[in-house]
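A.B. asks: If you scroll down you'll find the structure; I have some questions about it.
The values are calculated or read from the model by the stated rules, or taken from the named source; none is laboratory data. This one's a predicted model, so the numbers in the text were calculated from it and none came from an experiment. Cβ sites come from the backbone with ideal geometry, for glycine too, and all protein chains shown count toward neighbours. Ligands, DNA and RNA are excluded from the accessible area calculation, which covers all protein heavy atoms including side chains. Shrake-Rupley method; radii C 1.70, N 1.55, O 1.52, S 1.80 Å.
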Amino acid sequence: MLPAEQLVALQAPPPVPAVSFTLRLGQALHRYGTPAHRLEEQMRLVSQRLGLEARFFSTPTSIFASFGPPEALQTCLIRVEPGEMDLGRLASLDALADSVIRGELSPEEGADRVEALLAEPPRYGSAMLLLCWALTAVGGARLFGGGAREMGVAALISLLIGGLGLWTRRQPSTVWVLEPVAAILSSALAVVAASLVGPLSVQIVTLAGLIVLLPGLSLTVALNELATRNLISGTSRLTGAALVFLELGFGVALGTRLTEWFPLPAKLGPVPALPGWTEPLALVAMLFGVSVLFRARPRDWGWIAVAGTLAYEGSRLGAQVLGTQLGAFVGALTVGLVANLLSRVRNRPAVITLVPAIMLLVPGSIGFRSMESLLARDVLAGVDTAFSMLMVAVALVAGLLFANALVQPRKVL
């Protein structure tokens, strides 16, 4: 019998092209916002179809991959930065993985296609992105109960913050201060507008101006990862979401100090109600804005609108009958079922319609109000609001898990 050292030496190394394609695919999926449980499953499926024995472990900042049998592992560590959600490229990567699995492309060609996909210019230009920042803020202000003044001021603030966001992407040293600076600008400009333009709800304007930066989606993804026992990734993402809430809360507290120089009206009456037909328009504007900001392809906009409308209406009806938390569960269950059904019919990843639609339900605004209360030393209100935020997030995760159990998605993504 040969010694163990010689047995290890006789093990055939895994094929380099298949390993290269699997690693490049995983890195690209991570870059465009794929959660840990979906990323690991997709890499496992691809490596299995390519005849590789492999194991994967993903966190928000790294990917560990091991190839070969346990006694002869070849392990690599890929350091990655959390990227922005890009639904169009995720769909292209999913189609590319299918082509390699079916043998239509070789692993070498697949790896080259991944690199070419990463090198493509952004789907939408700066002007389109800025417009969608403003549309998302307008829709958010209306859905939060704001009037025409709140919608207009929120749009201007969001345009400014969107421009700041585009600028920080070109300045790596400033990207980490976007959230606190944006919160300072949003709250300060809301106070100035309330003092100079006329009575308006400062809270609605501040919240709508920051709506794109609220980490409600990150919080929901973190709890989903924890629920699927990806504990390290879920805990890391949850900590990151909490840090963003703290940065936004700090910025808002600093910006509202301007009330000392720009006093608010002594008494703010109720926000004038807008006609009922403005609500569906606001919903469409918000869904369109979110779809573009998440780089969805134009061919998917209609399906996103259908899924988002059903999610919103399901959540609202559920809240009226069952309460806020169970209403979020109904909305998430509805959009999960719709996304999975569309995935099976269209043979496309469910994430394409799921993510923009679920953005209407995530509890980012509740978490923001919790931070506001805590910074104002209203501890009881802050803790109560934070607990409500967690319950809504848990309800969303439960709804999505139930939807996956009832209708199995055809795709991993």
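A.B. asks: Counting only complete DSSP H runs, which helices of the chain cover 27 Å or more along their long axis at the Cα atoms and score a mean Kyte-Doolittle of 0.0 or above?
C.D. replies: Membrane-span-like by this rule: 148-169, 231-255, 301-322, 324-346, 379-406.
A.B. asks: Rank these by accessible area, largest first, 1.4 Å probe: M391, M85.
C.D. replies: M391, M85
A.B. asks: Take the solvent-accessible surface of the protein heavy atoms, probe 1.4 Å, and return the percent of it on the chain that carbon and sulfur atoms account for.
C.D. replies: Within the chain, the accessible surface is 65 percent carbon and sulfur.
A.B. asks: A further question on this structure: Translational diffusion coefficient, Stokes-Einstein: compute it for the chain using the Kirkwood radius over C-alpha pairs as Rh, at 20 °C and 1.002 mPa s, and state it as an integer in µm² s⁻¹.
C.D. replies: Answer from the Stokes-Einstein relation: 95 µm²/s.
A.B. asks: Given only helices, namely DSSP H runs of n ≥ 4 each adding -39500 (n - 2.57), what is the per-residue ellipticity at 222 nm of the chain, to the nearest 500 deg cm²/dmol?
C.D. replies: So the calculated ellipticity at 222 nm is -22500 deg cm²/dmol.
A.B. asks: Multiply the residue gap between R55 and L164 by 0.36 nm, knock off their C-alpha separation, and tell me the result in nm, one decimal place.
C.D. replies: 35.2 nm
A.B. asks: Loop sites only, by DSSP: take the trypsin sites (Lys or Arg not before Pro) in the chain that have at most 13 other C-beta atoms within 10 Å and name the longest stretch containing none of them.
C.D. replies: 268-376
A.B. asks: Now a separate question. I need two numbers for the stretch 102-239: Rg to one decimal and Dmax as a whole number, Cα atoms only, in Å.
C.D. replies: 19.5, 65
A.B. asks: For L156 and W261, what is the calculated FRET efficiency with R₀ set at 30 Å and r taken between the beta-carbons, to the nearest 0.05?
C.D. replies: Rounded to the nearest 0.05, the efficiency is 0.90.
A.B. asks: So for T61, T239, what's the accessible-area order with a 1.4 Å probe, most first?
C.D. replies: Ranked from most to least accessible, the order is T239, T61.
A.B. asks: Over the stretch 15-128, give the accessible area per residue in Å² for a 1.4 Å probe, as an integer.
C.D. replies: With the other protein chains kept in place, the stretch 15-128 gives 46 Å² per residue.
A.B. asks: Using alpha-carbon pairs under 8 Å, 6+ residues apart, how would you state the relative contact order of the chain in percent?
C.D. replies: 16
A.B. asks: Considering only protein heavy atoms, what is the solvent-accessible area of M151 at a probe of 1.4 Å, reported in Å² to the nearest 10?
C.D. replies: M151 exposes around 40 Å² with every protein chain in place.
A.B. asks: Which net charge results when you count Lys and Arg as +1 and Asp and Glu as -1 among the other residues whose beta-carbon is under 15 Å from that of S106?
C.D. replies: That sum, taken over residues with Cβ under 15 Å, equals -2.
A.B. asks: Can I ask one more? Compute the distance in nm between two label points, each set 7 Å from the Cα along the Cα-to-Cβ direction, one at W301 and one at V284.
C.D. replies: 1.1
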